[in-house]
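All remarks here apply to the structure that follows.
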Amino acid sequence: DGRLTFFPGNQTVDLPSINFMKRYGTVFLNAYTNSPICCPSRAAMWSGLFTHLTESWNNFKGLDPDYITWMDLLKKHGYHTQKFGKLDYTSGHHSVSNRVEAWTRDVHFLLRQEGRPMVKLTGDRKRVRVMEADWQNTDKAVNWIKEEAVNLTEPFVLYLGLNLPHPYPSPYAGENFGSSTFLTSPYWLEKVTHEAIKIPKWSSLSEMHPVDYYSSYTKNCTGEFTKEEVRNIRAFYYAMCAETDAMLGEIISALRDTGLLRKTVVIFTADHGELAMEHRQFYKMSMYEGSSHVPLLVMGPGVKEQQEIPNVVSLVDIYPTMLDIARIPVPQNLSGYSLIPLLCVKAESEVSPRGPRPSWVLSEFHGCNVNSSVYMLRTGKWKYITYADGSSVLPQLFDLTADPDELTNVAIKFPVIVHSLDKILRSIVNYPKVSSSVQKYNKQQFISWKQSLGQNYSSVIANLRWHQDWLKEPKVYENAINKWL
């Protein structure tokens with residue numbers, strides 16, 4: 001969650017490596033994902049293109065594997081490139097369940113797709129390495145810096161993708177479990193200031209926006225939760241962020257030990273945040289701040305120190321920024337704009353050939369746990385969220401200055417603002433058309449999948465992540481799918 005990298009969010013957990021980057025570099029106060037879910041978000045970051053252009057509609061359908069990423073271009077221009085850890089930006093990842101849930105979101109049924117969010121403590125005060133796989137990838141990156149990077153004659157670019165902070169798989173929820181267990185050790189939990197944890201306010205279920213209600217239900221969050229349960233989920237999430245911060249620290253230390261820190265640009269960001277029980281939801285897949293607001297910190301030669309940038313920026317800006325750092329000409333078709341003019345002490349005064357950076361950012365979502373395509377435009381103090389064709393589902397408008405927790409939808413109160421923001425949005429993307437093409441895609445994909453299973457269809461679908469509801473009334477749900485088809 002990007003809000004943890006600056007005041008007041010950073011009071012809840014000690015993040016020394018993030019603080020180091022803030023002291024010796026720049027933090028962006030309003031950085032957003034272009035799609036709040038793993039694969040589509042990374043597709044945007046690696047391609048520099050908005051989601052409706054990559055057509056990365058869900059966690060299964062990512063970026064075309066042949067697309068030329070910024071790393072490909074850096075390699076072509078003489079950079080030594082290295083990747084470790086989670087990449088997750090091309091097609092073909094994630095479970096069948098994840099795909100089918102995304103494809104069937106237009107079906108008129110409500111099915112829980114997750115285990116109930118819960119916490120689990122592991123090990124003792126000495127247990128530092130909770131997320132073993134991430135630590136192994138961090139070790140690989142550290143060793144690469146110390147053994148390879150330090151001896152290179154050409155410049156290098158290293159990418160390290162971590163899974164943390166992320167809920168863990170939850171086998172208690174059945175065979176096709178989701179990831180609803182927040183897991184940490186006492187070592188990390190002690191880094192969290194429990195008194196500073198805010199318990200989010202919830203609307204009553206009857207007052208929730210219909211799409212929020214669907215998300216809350218499918219994420220298994222509509223039941224009763226005590227304040228203690230909510231506080232624990234949030235505390236454990238912050239503890240997982242502290243463990244992530246330590247991995248960042250390992251990379252910074254390796255660069256410092258090899259004498260590379262002063263001549264290396266370091267960028268820290270994330271694919272999306274975590275709601276951690278805000279708006280009666282966990283996970284991502286939402287345009288609320290907890291899910292869509294990401295961290296973005298940059299330090300290195302020429303980058304201003306102790307700078308906080310209020311401009312809205314997003315992950316598509318990474319592509320042109322990487323090329324700018326390497327002085328490689330930036331393609332004109334990108335959705336993003338270089339961050340270098342905002343970051344650097346002596347930024348080139350000439351305006352980019354594409355003109356000045358826009359005053360808005362766009363995020364969109366077309367995957368599971370949300371029963372409609374969603375589009376978010378953030379500009380100034382406003383966040384405008386619209387759904388599907390723009391008329392069948394009520395839009396939302398939040399004044400983030402007056403209402404940072406996004407509890408009051410003021411769309412009806414400010415029709416002129418809604419009209420003007422909607423006009424900007426439609427000038428960027430013909431969103432009713434995109435929503436319609438996603439609906440067609442979902443139906444086609446589902447039909448192909450169903451046909452591939454033959455007679456076995458019913459038993460396979462009954463055992464997806466929603467089995468806890470499906471098995472009670474399979475005929476009702478089968479009929480709903482048939483009606484949709």
Test each condition in (1) in contact with a Ser or Thr (Cβ under 6 Å, 6 or more places away or on another chain); (2) in contact (Cβ under 8 Å) with a residue 60 or more places away in the chain for LEU15 and report the one that comes out false.
(1)
Hey, among the residues in the range 344-366 that are at pLDDT 95 or above and assigned to a loop (DSSP other than H, G, I, E, B), which one's least open to solvent (accessible area, probe 1.4 Å)?
HIS366
Please give the number of the condition VAL230 fails out of (1) free of Cβ contacts under 8 Å to residues at least 60 places away in the same chain; (2) open to solvent by 10 Å² or more (accessible area, probe 1.4 Å).
(2)
Of (1) part of a loop (DSSP other than H, G, I, E, B); (2) open to solvent by 30 Å² or more (accessible area, probe 1.4 Å), MET287 satisfies all except one. Which?
(2)
Among the residues that make up the range 371-387, is at least one of them assigned to a helix (DSSP H, G or I), touching a residue at least 24 places away in the same chain (Cβ under 8 Å) and touching a helix residue (DSSP H, G or I) at 6+ places or on another chain (Cβ under 9 Å)?
no
Just to check your reading of the model, which residue among VAL330, VAL370 is β-branched (Val, Ile, Thr) and not assigned by the TED database to the domain that holds SER56?
VAL370
Out of everything in the range 61-90 that is under 15 Å from the mean Cα position of the chain (by Cα) and not aliphatic (A, V, I, L, M), what residue ends up being farthest from TYR375 (Cα to Cα)?
LYS86
If you check LEU73, LEU53, which single one turns out to be modelled with pLDDT of 95 or more, outside any loop (DSSP other than H, G, I, E, B), under 30 Å from TYR387 (Cα atoms) and open to solvent by 10 Å² or more (accessible area, probe 1.4 Å)?
LEU53
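Identify all residues within the range 462-485 that are in contact with a Leu (Cβ under 8 Å, 6 or more places away or on another chain) and either part of a helix (DSSP H, G or I) or hydroxyl-bearing (Ser, Thr, Tyr) (or both); write none if there are none.
Once the filter is applied, which keeps residues that are in contact with a Leu (Cβ under 8 Å, 6 or more places away or on another chain) and either part of a helix (DSSP H, G or I) or hydroxyl-bearing (Ser, Thr, Tyr) (or both), the range 462-485 yields ALA462, ASP469, TRP470, TYR477.
Being open to solvent by less than 20 Å² (accessible area, probe 1.4 Å), in contact with a helix residue (DSSP H, G or I) (Cβ under 8 Å, 6 or more places away or on another chain) and farther than 24 Å from ILE447 by Cα narrows it down to one of ASP14, ASP88, so name that one.
Among ASP14, ASP88, only ASP88 is open to solvent by less than 20 Å² (accessible area, probe 1.4 Å), in contact with a helix residue (DSSP H, G or I) (Cβ under 8 Å, 6 or more places away or on another chain) and farther than 24 Å from ILE447 by Cα.
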Report yes if GLU308 is in the same structural domain as LYS227 (by the TED database), assigned to a helix (DSSP H, G or I) and open to solvent by 10 Å² or more (accessible area, probe 1.4 Å), otherwise no.
no
Just to be sure I understand, how many residues within the range 407-416 are open to solvent by 90 Å² or more (accessible area, probe 1.4 Å) and in a helix (DSSP H, G or I)?
1
Return the residues of the range 366-396 that are farther than 16 Å from ARG426 by Cα and of a type in the set (Phe, Trp, Tyr); say none if nothing qualifies.
TRP382
Among the residues of the range 311-328, count how many are in contact (Cβ under 8 Å) with a residue 60 or more places away in the chain and either surrounded by fewer than 21 Cβ atoms within 10 Å (Cβ to Cβ) or hydrophobic (A, V, I, L, M, F, W, C) (or both).
11
Residues of the range 417-449 being without any contact (Cβ under 8 Å) to a residue 12 or more places away in the chain and either of a type outside the set (Lys, Arg) or buried (at least 17 other Cβ atoms within 10 Å of the Cβ) (or both), in sequence order, are HIS419, SER420, SER427, ASN430, SER437, GLN444, SER448
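Which fully enclosed strands (runs of 3 or more DSSP E) of the range 107-218 have 1 or more residues being of a type in the set (Gly, Ala, Ser), in contact (Cβ under 8 Å) with a residue 24 or more places away in the chain and touching a Lys or Arg at 6+ places or on another chain (Cβ under 8 Å)?
Qualifying strands (runs of 3 or more DSSP E): 156-161.
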Is it the case that some residue within the range 253-268 is open to solvent by less than 10 Å² (accessible area, probe 1.4 Å), within 30 Å of LEU158 (Cα to Cα) and part of a helix (DSSP H, G or I)?
yes
Among the candidates GLY9, GLY25, GLY85, residue that is in the same structural domain as ALA196 (by the TED database) and either at pLDDT below 95 or of a type in the set (Asp, Glu) (or both)
GLY85
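Out of the range 180-209, which residues are farther than 17 Å from PHE282 by Cα and open to solvent by 50 Å² or more (accessible area, probe 1.4 Å)?
In the first step, residues of the range 180-209 are kept if they are farther than 17 Å from PHE282 by Cα; the result is 185-196, 206-207.
The answer is TYR187, GLU190, LYS191, THR193, HIS194, GLU195, SER206, GLU207.
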Restricting the search to the range 219-245, which residues are outside any loop (DSSP other than H, G, I, E, B) and more than 20 Å from the chain's Cα centre (by Cα)?
LYS227, GLU228, GLU229, VAL230, ARG231, ASN232
Across the range 373-382, the tally of residues that are open to solvent by less than 10 Å² (accessible area, probe 1.4 Å) and more than 14 Å from THR33 (Cα to Cα) stands at 1
From the residues in the range 392-406 that are assigned to a loop (DSSP other than H, G, I, E, B) and in contact (Cβ under 8 Å) with a residue 40 or more places away in the chain, which one is most open to solvent (accessible area, probe 1.4 Å)?
LEU394
Give me the residue from the range 1-27 that is assigned to a helix (DSSP H, G or I) and aromatic (Phe, Trp, Tyr) and, out of that set, farthest from the chain's Cα centre (by Cα).
TYR24
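The values are calculated or read from the model by the stated rules, or taken from the named source; none is laboratory data. Everything quoted here is computed from the prediction, not taken from an experiment. Cβ atoms come from the backbone with ideal geometry, glycine included; neighbour counts cover every protein chain shown. We work out accessible area using only protein heavy atoms, side chains counted, and drop any ligands, DNA or RNA first. Shrake-Rupley method; radii C 1.70, N 1.55, O 1.52, S 1.80 Å.
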